[in-house]
Amino acid sequence: MTARRLLLVNGPNLNLLGTRQPEVYGSTTLAQIEARVREVAAESSLEVRAVQSNHEGELIDAIQSAREDCAAIVINPAAYSHTSVAIADALRSVDLPVAEVHLSNIHAREEFRHHSYVSAVADMVVAGAGPFGYEMAVRYLAGRIAR
């Protein structure tokens, strides 16, 4: 039986969404984003397992466990986008479709944010669409899973 679950991974400081730098990240909370992701996924009969951590190893553990029961991964690696070869390697190791999401346009921000190690692994990248970027990622992956 094919897995009917998405893993939603959110990296460091995203637990503070809604209050942290709203001029950059908006006022939507992580709980609101997770609820919307579940709604959109349910339209395609997909479940969602969500994890947020400020610790790289916990994110890697969650990614590795996805190989057991998930069909795809939506990830906002946050600051780890720019620093974590380990997260990119974990994503490669599970051999699942990956959608990378960034609330802000990382290419319009500080130069160090312009490069993402995860982008090289991702099947699609959304940057700068705010919370709607997660919806686009889920819809894209639902289509991939259906094919």
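Any read-out appearing in this document is the output of simple, stated calculations on the displayed coordinates, not a laboratory observation. The structure presented is a predicted model; accordingly, all values stated were derived computationally and were not measured. Neighbour counts run over all protein chains shown; Cβ positions are idealised from the backbone, glycine included.
Couple of notes before you dig in:
- Ellipticity at 222 nm from helices only: DSSP H runs of n ≥ 4 in the chain, each -39500 (n - 2.57), divided by the residue count, give -11500 deg cm²/dmol.
- The slack between E58 and N13, meaning 0.36 nm per residue of separation minus the straight C-alpha distance, is 14.8 nm.
- Available extension along the chain between S45 and D95 is 15.8 nm, counting 0.36 nm per residue and deducting the alpha carbon span.
- Taking N as its residue count, the alpha carbon Rg of the chain over 2.2 N^0.38 Å: 0.95
- Label positions at R20 and F132, each projected 7 Å from the Cα along the C-beta direction, are separated by 2.4 nm.
- At most 12 other Cβ within 10 Å, DSSP loop - GluC sites (Glu not before Pro), the range 49-141: E110
- Sparsely packed loop sites in the range 19-96 (the trypsin sites (Lys or Arg not before Pro) outside DSSP H, G, I, E and B with at most 14 other Cβ atoms within 10 Å) comprise R20.
- Oblate is the label for the range 75-147, because a/c, from the alpha-carbon gyration tensor with a ≥ b ≥ c as root eigenvalues, is 1.5 or above and a/b does not exceed b/c.
- Given +1 at the Cβ of Lys and Arg, -1 at the Cβ of Asp and Glu and no other charges, the dipole of the chain around its Cα centre is 300 debye to the nearest 20.
- Cα gyration tensor, the range 34-118 - rounded (a/c under 1.5), prolate or oblate: oblate
- Multiplying the residue separation of H107 and A31 by 0.36 nm and subtracting their alpha-carbon distance yields 24.8 nm.
- Distance (nanometres) between label positions extended 7 Å along Cα→Cβ at R38 and E68: 2.1 nm
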